[in-house]
């Protein structure tokens, strides 16, 4: 009997050992999944990147994975109330959305075209207006972030054979050869290893960092980043405005504490983006609804900051401009009065400038806010991110068409050069505008007023600006 | 006939030592370089950058010769057997394999073959499509007559000691109607100043001593040798490397770098057409 038991035990042990060695061998060989491209971050830009790659011809037999920490939203319902996070989508971005099939989805949900823009300030009467009357094109479209994300996700789900989306999965760590501590001496052309929070290990030829301004990919790749805290907060809210049949104008008034902007959402509703100091932001968020409404109206209408010296000089200058450019008179419109604010729609977030000095390394590329994050005063931030998506997908298409490895630095540098050429001037202009309007110092006020008035009088300059902002 | 008397067969692992195009000095020089082959921003930067020119050129030329467009447009070279003569670290073999070709890469330096094989194993998608052999083109002649759809000898003939032997061997292993693609450097005063002096000593684009001007060959001489072997040259086009942008481009002037595409004539036409060879410098836009 003892013998039998012993034999049985031995057999048990033997079979366990065999099973263990087999499974450990399997685990070892399959623990490192291999992919061609992994996109980390499923926000608007990351999801758009996944969708664009899914539509890229030559990438059809490549394994593409998108990692997104949020759960999948199976039944999205368009809420009656507007969301307080919106974007001003440029015509170039509309082009990208059309290419990936998301634009129709957005139109079916909701978006508001902007036909006119008026920008002025509180220290003087100078104003600039933009409208594309000759070309009959809309300047921009105001769309809620949720709507954009849902539209792109819907398209992405129809590309499930091309792109695999892993919801509720985020990267726990990245091993970027040559950069990650402990792997500094590894050849930079070794594939990148990503460990997810679920313990999966993925080795990929190209890692695309779309994980926002505090990008972990950027940190892991030891990219050098220029950062400046603006020491401002942007207060957002959904406002009810006095009924105008055609709420298609975007308004922005520069105050010395920061610009206040109103973007149209529908004939009765507009979105507020008010950049101000952190203390004022807290104060505004704590106000009662009707006091808040008064504060907003006051910000758009008050005359307290008017600098009389500047006013008199600028008036004379305007008379001169009116004489010289007599067929281009200044048309100043009045913004609609705010009559209410959506309860619970007030929120704020801090503002900073972040710019990575490189957008690429061997086998790594940064897109969107991970590469560049700007002040929202010109509504350009997300459009630059979508511009990154268009450029990178084109460059990768070219790379694969030439038989190249998708992580090849030769092609990634093409993306970096092209995007830096587009992004840097915008970053510098916006940064410059922020500083220019952040003061009520008379000489600066005079300078910027005369400058603005001159620009407003020169239609071809304004057309150039529109063209630049639309591309 | 060329090397058959000199062959000595050792064990099944040894290569036959045939009369060959090996140049002993060349071999030592390249052995030092094999470590940094795959660094795109290192010593071989120009060679990596050259892929942007030569891979589409080779692909388009081979696709154009087919009667029908390729069934899978992401793999235009599917079904084609191509030899990369002087494959080095595998810089050219890998992209061609990715586009569907069945590649064989030969190189005389064992280190290069080892580097190429190691790098190949990192990419499972092409592992089965490329075979590297330490050998010369000569060594393949006996067992591979008329076997290849194309032979690519890119940046190779300027390092070979006997071009005639090399080209004859290439001719023997290419199928009739198959192609040979060569990129090399012209033998001109300009190629000495830019290709050797400037490239090696001034701009350090390639390590010093990489090139020996005496071994450069003009497109006319190359074409003559190819005609003798039974090829018809269809294209000669100049190429230029811009050290500032670090990119290559096609140019009409072939005084320094140039590419040449020739097609192996079918046996019945080779005797009559040797007088009818035309050289077309075709404008290509990239």
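I'd like the projected area of segment A:68-160, averaged over all directions, using the convex hull of its alpha carbons. Report it in nm² with one decimal.
Details: hull surface 35.1 nm².
Directional mean of the projected Cα hull area for segment A:68-160 stands at 8.8 nm².
By the beta-carbon count within 10 Å of each Cβ, the least crowded to most crowded order of B:170, B:229, fewest first, is B:229, B:170.
Over segment A:363-425, what number does the Rg to Rh ratio reach, with both radii from the alpha-carbon atoms and Rh per Kirkwood?
Details: Rg = 12.4 Å, Rh = 12.2 Å.
Across segment A:363-425, the Cα-based Rg/Rh ratio is 1.02.
The alpha carbons of the protein assembly as shown stretch over 103, 100, 46 Å along the principal axes, in descending order.
Set against the 2.2 N^0.38 Å expectation for a compact globular protein, segment A:337-471 has a Cα radius of gyration ratio of 1.36. Which distance in Å, rounded to a whole number, links the C-alpha centroids of segment A:202-216 and segment B:71-116? Here the answer is 31 Å between Cα centres.
Let's test the formula: R0 of 41 Å, r as the Cβ-Cβ distance of residue A:34 and residue A:92. What FRET efficiency results, to the nearest 0.05?
Working: r = 35 Å, r/R0 = 0.85.
Calculated transfer efficiency: 0.75.
Annotation: Cα Rg of segment A:247-333 relative to the compact-globule expectation 2.2 N^0.38 Å equals 1.38.
Based on the alpha-carbon gyration tensor of segment B:110-260 and its eigenvalue square roots a ≥ b ≥ c, which shape applies: rounded if a/c is under 1.5, prolate if not and a/b is larger than b/c, or oblate?
On the way: a/c = 1.80, a/b = 1.21, b/c = 1.48.
It comes out oblate by the Cα gyration axes.
Taken over segment A:397-471, the percentage of Cα pairs per 5 Å bin, counting from 0 up to the bin with the maximum distance, is 3, 12, 14, 16, 14, 11, 8, 7, 6, 6, 3, 1, 0. Quantify how much of the Cα-Cα distance distribution of segment A:236-296 extends past 15 Å, in percent. Value for segment A:236-296: 52 percent of Cα pairs lie more than 15 Å apart. With respect to chain A, whose longest principal axis is taken over its alpha-carbon atoms, helix A:459-470 is tilted by about 20°.
Output the 0 to 90 degree angle, nearest 10, between the alpha-carbon long axis of helix A:381-401 and the longest principal axis computed from the alpha carbons of chain A. Orientation of helix A:381-401: about 40 degrees from the principal axis. Calculated over segment B:76-167, the projected area of the Cα convex hull averaged across directions stands at 5.7 nm².
Averaging Cα coordinates gives a centre for segment A:65-87 and one for segment A:280-333; these two points are 36 Å apart. Taking the DSSP beta bridges with both ends in segment B:125-249, the antiparallel portion is around 35 percent.
Centroid-to-centroid, using Cα positions, segment B:153-227 and segment A:358-392 are 44 Å apart. Take each residue of peptide A:395-403, count the partner chain Cβ atoms within 10 Å of its Cβ, and average: the result is 5. Mean per-residue shielding of peptide A:405-414 is 4, counting Cβ atoms of other chains within 10 Å of each Cβ.
Contour minus end-to-end for residue A:305 and residue A:224, with contour as 0.36 nm per residue of separation and end-to-end as the Cα-Cα distance? Could you put the intermediate results ahead of the total?
Working: separation 81, 0.36 × 81 = 29.16 nm, distance 4.02 nm.
Stretched out fully, the residue A:305 to residue A:224 stretch lengthens by 25.1 nm.
Partner shielding of B:110-123 amounts to 1, given as the average count of beta-carbon atoms from other chains within 10 Å of each residue beta-carbon. Can you say what percent of the DSSP beta bridges in the protein assembly as shown, counting only those with both residues inside, are antiparallel? Round to 5. The antiparallel fraction comes to roughly 65 percent.
Find the Rg to Rh ratio for segment B:62-127, where Rh is the Kirkwood radius over alpha-carbon pairs and Rg uses the same atoms.
Details: Rg = 12.9 Å, Rh = 12.5 Å.
With Rh from the inverse mean 1/r over Cα pairs, Rg/Rh is 1.03.
Enter the angle in degrees (range 0 to 90, nearest 10) between the Cα long axis of helix A:44-54 and the first principal axis of the Cα atoms of chain A, meaning the one along which they spread out most. Long axis of A:44-54 versus the principal axis of chain A: about 60 degrees. With 0.36 nm allotted per residue and the present C-alpha distance subtracted, the residue A:290-residue A:313 stretch has 4.5 nm of extension available.
Bear in mind that the values in this text are calculations on the coordinates, not laboratory data. Quick caveat: nothing in here was measured; it's all calculated off a predicted structure. Virtual Cβ from ideal backbone geometry, glycine too; neighbours counted across all protein chains shown.
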